[in-house]
Amino acid sequence: MYTQAMDTMGKDATQAPVPRSAEEARLQERFDARIDAGDFIEAKDWMPEHYRKTLVRQISQHAHSEIVGMLPEGNWVTRAPTLKRKAILLAKIQDEGGHGLYLYSAAETLGTSRDAMLDALHSGRAKYSSIFNYPTLTWADVGVIGWLVDGAAIMNQVPLCRCSYAPYARAMVRICREESFHQRQGYDALLVMMQKGTDAQRAMVQDAVNRWWWPSLMMFGPPDDQSPNSALSMRWGIKRISNDELRQKFVDATVPQAEVLGVQLPDPDLKWNEARQHFDFGAIDWDEFWQVIGGNGPCNRERLSARVKAWEEGAWVREAALAHASKQEKQERVAA
Ligand code: BYC
């Protein structure tokens, strides 16, 4: 249901920055031709500086999102209702940590160090997904994160498996496989509460859906006409489907799932449009979105300080790992 056409945009949405020399123009022309032919670009290939910067920005933000995304779920590890749910939640959080690591590695192939990326996160210069600045108030939030947040993530990330930058595309293939399990475990947890639970549990699920629905729609980014990065990212095959198109696909896929679950999506304007063959939906509160990505969401400060604390308190682990590696290297040199 989440697999879909991976390229719906034209290739000439905008022009790349003008090359500075004849040699650069020749390289740029070859690069453009490769993009147009659907080739993948590898780390050692020539690429325009702006392409490199755009990728570092997007991939590092994506990595930060995975790592920060562990926090709202981590809040429920000690309070999961059964051993089975606790084991599933732990595995899911561990997967998110792994996704962050693949993505930092993919960004490092572009010549930016992990320390520089983490410094940008810790100092508040780098962004991470708006969705992780909302609190997880009840156990139902964990299920809803799986269903809606991972569902939105898959919708956005499947096209990235065909991103023109090969190391990112390769990382995304594995990530998407794991995200599918995450989405299903969330839906399963909610289904159990809705079908076998008490009235109080059903109310808890509905309340969680009410709180997470609109922020999930914001995950796809601003409307296309307010998305400054889209045109070039589309031109270069980094993004394959626009923010608004992906948001629409997500709504279309999710409404029938809500019906099966027996929850109401909190939007009085949500209705099937026969002419468009899509669901119409109400206006998104973009002021809230800009506030959240500007650092003023409900949990921004808490999330960032948790990451900074983990980084500072983990210094001895990094030092010990480096000391061990250098000791091993010395021993190998002596043995050789
Ligand atoms: N939150 O020009 P636009 C996960 C920023 S991880 C925060 O459309 P672009 C998961 C955007 O960065 C989910 N910021 O940008 C993990 C830009 O600012 P800058 C993360 C946002 O890049 C654990 C400005 O707004 N997924 O799912 O063309 C557990 C203008 O936007 C957001 C990814 O990172 C946002 N929602 O498109 C469970 C996927 N939206 O950088 C789940 C990869 C926009 O110019 N990323 N901004 O200062 C992408 O696909 C694209 O970067 C986006 C934005 C669609 C997110």
As a Kirkwood estimate from alpha-carbon pairs, region 63-173 has a hydrodynamic radius in angstrom of 15.1
Packing-ranked peptide list from 217-223, 57-63, highest mean Cβ count within 10 angstrom first, is 57-63, 217-223
For region 111-260, the percent of accessible surface on carbon and sulfur atoms (probe 1.4 angstrom, ligands and nucleic acids excluded) is 55
From the cross-link list Lys53/Lys271; Lys84/Lys271; Lys86/Lys239; Lys127/Lys330; Lys92/Lys239, the entries with a Cα-Cα span beyond 30 Å are Lys53/Lys271; Lys84/Lys271; Lys86/Lys239; Lys127/Lys330
The alpha-carbon center of region 26-89 and that of region 199-239 are separated, in whole Å, by 17
Taking only the alpha carbons of region 180-317, the radius of gyration and the largest Cα-Cα distance, Dmax, both in angstrom, are 18.4, 61
Cβ-Cβ cut-off under 14 Å around Asp252, Lys and Arg +1, Asp and Glu -1: the net charge is -2
Using alpha-carbon coordinates alone, the radius of gyration and Dmax of region 293-336 in Å work out to 18.5, 57
With the 8 Å Cα cutoff and a minimum separation of six or more residues, region 153-292 has a relative contact order in percent of 25
Sequence order, region 75-89: Karplus ³J(HN,Hα) from phi using 6.51 cos²θ - 1.76 cosθ + 1.60, θ = phi - 60°, Hz rounded, Gly and Pro as x, gives 4, 10, 4, 6, 10, 4, x, 9, 4, 4, 5, 5, 5, 5, 5
Computed, not fitted: 222 nm per-residue ellipticity of the chain from DSSP H runs ≥ 4 (each -39500 (n - 2.57)), nearest 500, equal to -20000 deg cm²/dmol
The simple spin-label model distance between Asn75 and Gln226, using points 7 Å out along Cα→Cβ, in nm, is 2.6
Lys and Arg at +1, Asp and Glu at -1: neighbours of Val292 with Cβ under 14 Å from its Cβ sum to 0
For the chain, the percent of all C-alpha pairs falling in each 20 Å bin, from 0 up to the bin holding the max distance, is 28, 55, 16, 1
Mean accessible area per residue over the chain (1.4 angstrom probe, all protein chains present, square angstrom) is 50
The extension gain from Arg30 to Ala116, computed as 0.36 nm times the residue separation minus the Cα-Cα distance, is 27.9 nm
Semi-axes in Å, largest first, for region 107-266 (Cα gyration tensor, √(5λ)) are 31, 18, 15
Computed on Cα atoms, the radius of gyration and Dmax of region 137-215 in angstrom are 14.9, 49
Nearest-0.05 FRET efficiency for His50 and Ser305 at R0 = 45 Å, using Cβ-Cβ distance, is 0.85
Expressed in angstrom and rounded, the centroid-to-centroid distance over alpha carbons for region 98-177 and region 252-316 is 15
By the mean-Cβ-within-10 Å protection proxy, highest first, 173-179, 144-150, 326-332 rank as 144-150, 173-179, 326-332
For the pair Leu101 and Ala43, the simple spin-label estimate (label points 7 Å beyond Cα toward Cβ) gives in nm 1.6
Highest mean packing first, using Cβ neighbours within 10 angstrom, the peptides 19-27, 280-288 sort as 280-288, 19-27
For the chain the mean separation of alpha carbon contacts under 8 Å (6+ apart) over residue count, i.e. relative contact order in percent, is 22
Beyond 24 Å, the calculated P(r) of region 18-120 holds a percent of Cα-Cα pairs equal to 44
Between Tyr165 and residues 5 or more places away or on another chain, the pairs with built amide H atoms under 5 Å apart involve Ile41
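The values are calculated or read from the model by the stated rules, or taken from the named source; none is laboratory data. Keep in mind the model is a prediction, meaning the values are calculated, not measured. Please note: Cβ atoms are built from the backbone with ideal geometry, for glycine as well, and neighbour counts cover all protein chains shown. These area figures cover heavy atoms from the full protein model, side chains too; ligands, DNA and RNA do not enter into them. Shrake-Rupley method; radii C 1.70, N 1.55, O 1.52, S 1.80 Å.
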